[in-house]
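A short worksheet on the structure shown next.
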Amino acid sequence: MLTALLFSSVSFAAAYSVSDSEGLKAQLAQSRPGDSILLRAGIYSGQFEIHHGITLTGEKGAVIDAQGLGSAITIFVSDVTISNLEIQNWGGDLYERDSGILIQDLAHRTKIESNRLTGRGFGVCAENSANITVSDNIISGDPERHKLDRGDGIHLKRVESPVIEGNKIFHVRDGVYIEAGKHSLIFDNQFSEQQYGIHYMYSKRDEAYGNEAVDVDGGYALMSSENINLYHNRVSRAKEFGVLLNMTHNSVVSSNRVSDAHNPQGKVELGNEGKGIFVYGALDNEIRHNLFSTSDIGIYMAMGGEGNLVYGNQFVNNRTQVKYVGEQLLEWSRDSRGNYWSGYMGWDSNRDGIADNPYRPNDGLDKLFWLYPEARFLMNSPVVALLRWVQSQFEFGEPNGIVDSFPLISADMELCVLC
């Protein structure tokens, strides 16, 4: 059934309402750019294509059900808006890009707003387009599928300047996956029960803030990317890491809070403990003013990740504050300000908030136990305690590891940037 509601002689844009699947398909075929279509409450079964720049919206109770096949809605043109719909039960073939909403090449300025999407494949998928906005949606995948077999909540490949705002995404592979894109803006989203909250791959000049990831494998993965600004985000109860910098350059990780990164099956010999932040083969980045707390490891830096600035952070009550097994001596401070380390019992004789002596979070014996974890049963023995004291008094060989020459006495000195 199809009803015309409005016709404007100035803009030649009309508004229609439909109440069944056949009426929707007919109106999508007949509509013109600028038209709007309202779906009355009810079930609209099948797969639907949009070939004109229209607005498609729904009353409460309007449901598009793809019946387990293909994509529920496929967009072929620019300037389309989809809002206030419940979209469900699309296909799960990731190779074919089965999606709740599939945006085809060169379909620019698409807006996906205030929808609820539930299905096995991708929630929203787009390639080779620009200026897409995905805001205030609830996107959920199939919790019965293995994480890596699910689609991403929002999957964008070679998409320029997308805005992803205020979405709740859970039971997917990655919440937001950005590949070979640039200038993305991702903020105020919530992620849970998935691999990574945000996953950048070969991306440039992106920004993410105000996001929260809970009960994920990893919070924010920056991989083979550059010029990413990641700030004021939160991660709790990640299994692998809060933040990952992997082969990523010229990026800033600042004012984020990561807590309780813990892998119940983590083993020292495998290096798979939960990490507040994991830096691997990443250069020329700044890690500043973050809080890394109550995790298996506060910061894990692998060889190849030495060329970064680390300062103004708070490392609080991590089981291991720092793990670095490289051969270089790394200074973690800037402009005479280092980091705050819980458990460091330093003096501040002039009361300037900076400890009088440098802080070394690890010694040579820590590195020995990391390399040979089978010897860790000796860690608390009197002999090891004596060796640690001797090592603290005398330098053997070329110095290496982490040194903070200006450790902060109080965590409160940096809290203002974490508010």
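The values are calculated or read from the model by the stated rules, or taken from the named source; none is laboratory data. None of these values were measured; they are calculated from a predicted model. In this analysis, Cβ positions are derived from the backbone assuming ideal geometry, glycine residues included, and neighbour counts consider all displayed protein chains. Note: accessible area is taken over every heavy atom of the protein model, side chains too, but ligands, DNA and RNA are not part of it. Shrake-Rupley method; radii C 1.70, N 1.55, O 1.52, S 1.80 Å.
General remarks:
- Surface per residue (accessible, 1.4 Å probe) for the chain, Å²: 44 Å²
- Option label - P(r) over Cα pairs in 10 Å bins from 0, in percent computed here, alternatives (1) 5, 23, 32, 26, 11, 2, 0; (2) 4, 19, 22, 19, 17, 11, 5, 1, 0, 0; (3) 5, 21, 26, 19, 13, 9, 5, 2, 0, 0: (3)
- Projecting label points 7 angstrom from Cα along Cα→Cβ for D142 and N84 puts them 3.2 nm apart.
- Largest to smallest in accessible area, the residues F292, F187 fall in the order F187, F292 (1.4 Å probe, all protein chains included).
- Solvent-accessible ranking of H52, H262, largest area first, probe 1.4 Å: H262, H52
- Modelled spin labels at F12 and S161, positioned 7 Å past Cα toward Cβ, are 2.7 nm from each other.
- Protein-only accessible surface at a 1.4 angstrom probe places the residues I87, I43 in the order I43, I87, largest first.
- Listed residues I354, G46, N227: farthest to the positive end of the dipole of the chain (Cβ charges): G46
- Cα-based helix-to-principal-axis angle, 21-30 vs the chain, degrees rounded to 10: 90 degrees
- Links that overshoot a 25 Å alpha carbon limit, given the list K25/K157; K25/K147; K204/K239; K111/K182; K25/K60: K25/K157; K25/K147; K204/K239
- Nearby aspartates and glutamates by direct alpha-carbon distance to K275 (threshold 15 angstrom, same-chain neighbours under 8 apart not counted): D215, D217, E240, D260, D296
- When +1 charges are put on Lys and Arg Cβ atoms and -1 charges on Asp and Glu Cβ atoms, the dipole computed for the chain relative to its Cα centre reaches about 340 debye.
- Multiplying the residue separation of R32 and K267 by 0.36 nm and subtracting their alpha-carbon distance yields 78.6 nm.
- Expressed as a whole percent, the accessible surface of the chain that belongs to carbon and sulfur atoms is 52, based on a 1.4 Å probe.
- Solvent exposure of R360, expressed as accessible area, is near 90 Å², computed with a probe of 1.4 Å over the protein chains only.
- Measuring only protein heavy atoms, the 1.4 Å probe finds Y202 accessible over about 130 Å².
- Listed residue (S114, L102, S78) projecting farthest to the positive dipole end of segment 1-153, Cβ model: S114
- Three-way shape label, segment 36-120, alpha-carbon gyration tensor, a/c 1.5: oblate
- Prolate/oblate/rounded label for segment 73-225 (Cα gyration tensor, a/c 1.5): rounded
- Looking at the chain alone, DSSP beta bridges between its own residues are antiparallel in about 5 percent of cases.
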